[in-house]
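The values are calculated or read from the model by the stated rules, or taken from the named source; none is laboratory data. These numbers were taken from a predicted model, which means no experiment stands behind them. Positions of Cβ are backbone-derived with ideal geometry, glycine not excepted, and every protein chain shown enters the neighbour counts.
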Amino acid sequence: MPLVTPPMQSRTNLKDWRFEDTGATCEWAEEYCLGGYHPVELDDEFRNQKYRVIRKLGDGSYSTVWLAVDNDTGTFVALKIMIAKASLNVAELSIYAILSAKAPRDLNSRHITALLDHFQHQGPNGLHQCLVFEPMGASAASLVEELPENKPKMYGKRERYPKWIARRLLVHTLRGLSFLHGCGIVHGDVQPGNILFSADGLGLVQEEALRQDDATAVPLKRTDGKVDRWAPSRLYTQQTLHGHVQITPELMVKLSDLGSAFLVTNPPKSTVTPVALRAPELVLRQSFSFGIDIWSFGCLMFEFLTGRSLFALMSLGHDQQERDETDDDHMIQFNDILRPLPDSMMALWPRASKWYGPHRRRLQPYSDDEPYIHESIDALFTENKSPEISKEEEQILIPLMRGILEFDPTKRPSADELLQHPWFSQ
């Protein structure tokens, strides 16, 4: 018999798991509970049979995203279904309302994914906010692996974008940021996974060519063998539309996922910015503004041109000690890679004296070994840059990145100012 008492929350303890481990790279099955994900099967319909699901595009902590057919028009859309507990107050909708009022007057609005529709859907796990977007191709995080230049995969071979694609990614991201910032909105989560390539020519593709194969799904089974009313019968692995990204001079890139965006006049207490892309003011728990987007952009500029992250950091961890250790590591890397930390930043760093002694002598509190000193951004860029970048161009790019990665957010250039720089405007 089916379970009749709905699961109230996901279980973090292995012995309490409802489902067998699928081994698949999907959303976490235990989050199919009250307040969690809405269970979706292929051919499910939404908004009074208007949208029909045919493919899984992706998933995250707060939503799953599906390719759907608009039954009224025959066109394809991306359907983002929020978890129920995140659907009570969807700030993303209010952000899009602000943007839509200004979009017709700003060409840079083309570099933000377009919201086409939104509605609510009642399911077994609660009321879910559903957002409908134009379908996009792969993200900057994933497409690099699919480029012919980066195949076959070989140990030690660096995956990076050709220079012209890297520049296109950066310029279009700046245009998107210019539009957002001009509307008084901070993105808050500028990262490769939220920078999307347009999917071209979908209107000429037959539905069957895009429909997900059932073989890509894994059965979802309860540990007690019972049927579960709050979860799907199987989980689908994500199938992006990277095959529909046309690598041509007309390549278009857009910033997506405004779920963490906020009005600059009403910032949240914290952001979801990826650890390695955090600006110093985030690490030091100071006030923040548009500058956090510009800092993340500077880190991505280095990453897209070299194929490696500028700052090597793990996740923040699960407890305060691990978070403090990650923050300390980040501060040390700021000092080594960019420039010596000013006294003003040292004063805001609670554990600075643990790592630096008198006269800024570097300490190693956990061993007698000599402290490890990270290479400077200059050396890292020279070692890892694309062969397409000449020595002369390198001497333009390194100062440009250093200027973007200013510790003082008031000294960082704006998106509009960066768009005027010769390297971006050529």
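Out of all the residues in the stretch 292-347, which are outside any helix (DSSP H, G or I) and without any contact (Cβ under 8 Å) to a residue 24 or more places away in the chain?
317, 318, 319, 340
Can you list the helices (runs of 4 or more DSSP H) found entirely within the stretch 133-242 that contain at least 1 residues being under 26 Å from residue 299 (Cα atoms) and out of contact with any strand residue (DSSP E or B) (no Cβ under 8 Å at 6 or more places or on another chain)?
140-143, 163-182
Restricting to the stretch 403-426, and then to whatever is within 23 Å of the chain's Cα centre (by Cα) and of a type outside the set (A, V, I, L, M, F, W, C), can you tell me which residue is farthest from residue 177 (Cα to Cα)?
Only one residue tops the list, namely 406.
Do we have residue 215 as in the same structural domain as residue 77 (by TED's automatic domain parsing) and free of Cβ contacts under 8 Å to residues at least 60 places away in the same chain here?
yes
Evaluate the stretch 350-369: report whether one residue or more is among the aliphatic types (A, V, I, L, M), touching a residue at least 24 places away in the same chain (Cβ under 8 Å) and either in the same structural domain as residue 163 (by TED's automatic domain parsing) or closer than 30 Å to residue 139 by Cα (or both).
No, because not a single residue in the stretch 350-369 is among the aliphatic types (A, V, I, L, M), touching a residue at least 24 places away in the same chain (Cβ under 8 Å) and either in the same structural domain as residue 163 (by TED's automatic domain parsing) or closer than 30 Å to residue 139 by Cα (or both).
Given the conditions (1) outside the structural domain of residue 78 (by TED's automatic domain parsing); (2) crowded, with 22+ Cβ neighbours inside 10 Å, and given that residue 275 satisfies all but one, which numbered condition is not satisfied?
Result: residue 275 fails condition (2) only.
Looking at the structure I just gave you, is residue 375 at pLDDT 95 or above and part of a helix (DSSP H, G or I)? Full working, then the answer.
Details: at pLDDT 95 or above: yes; part of a helix (DSSP H, G or I): no.
When the stated conditions are applied, residue 375 does not pass them.
What single numbered condition from (1) surrounded by 12 or more Cβ atoms within 10 Å (Cβ to Cβ); (2) at pLDDT 95 or above fails to hold for residue 386?
(2) is the only condition that residue 386 fails.
Just to be sure, is residue 287 in the same structural domain as residue 170 (by TED's automatic domain parsing), within 22 Å of residue 331 (Cβ to Cβ) and assigned to a loop (DSSP other than H, G, I, E, B)?
yes
In the stretch 51-87, what count of residues is obtained for those that are among the basic types (Lys, Arg) and buried (at least 20 other Cβ atoms within 10 Å of the Cβ)?
3
Determine if the stretch 238-251 includes at least one residue that is crowded, with 19+ Cβ neighbours inside 10 Å, at pLDDT 95 or above and not aliphatic (A, V, I, L, M).
no
What do you reckon, is residue 264 surrounded by 19 or more Cβ atoms within 10 Å (Cβ to Cβ), touching a Phe, Trp or Tyr at 6+ places or on another chain (Cβ under 9 Å), modelled with pLDDT of 95 or more and under 17 Å from residue 180 (Cβ atoms)? Walk me through it before giving the result.
Details: surrounded by 19 or more Cβ atoms within 10 Å (Cβ to Cβ): no; touching a Phe, Trp or Tyr at 6+ places or on another chain (Cβ under 9 Å): yes; modelled with pLDDT of 95 or more: yes; under 17 Å from residue 180 (Cβ atoms): yes.
So residue 264 does not fit the description; no.
Kindly provide the set of residues from the stretch 112-132 that are among the hydrophobic types (A, V, I, L, M, F, W, C) and part of a loop (DSSP other than H, G, I, E, B), ordered by number. Can you show your working first?
Going residue by residue through the stretch 112-132, those that are among the hydrophobic types (A, V, I, L, M, F, W, C) are 112, 114-116, 119, 127, 130-132.
Selection gives 114 alone.
Give the residue, chosen from 94, 61, 87, that is within 14 Å of residue 261 (Cβ to Cβ), modelled with pLDDT under 95 and of a type in the set (Gly, Ala, Ser).
That would be 94, the only listed residue that is within 14 Å of residue 261 (Cβ to Cβ), modelled with pLDDT under 95 and of a type in the set (Gly, Ala, Ser).
Going by the structure shown, is residue 371 surrounded by 14 or more Cβ atoms within 10 Å (Cβ to Cβ) and not β-branched (Val, Ile, Thr)?
yes
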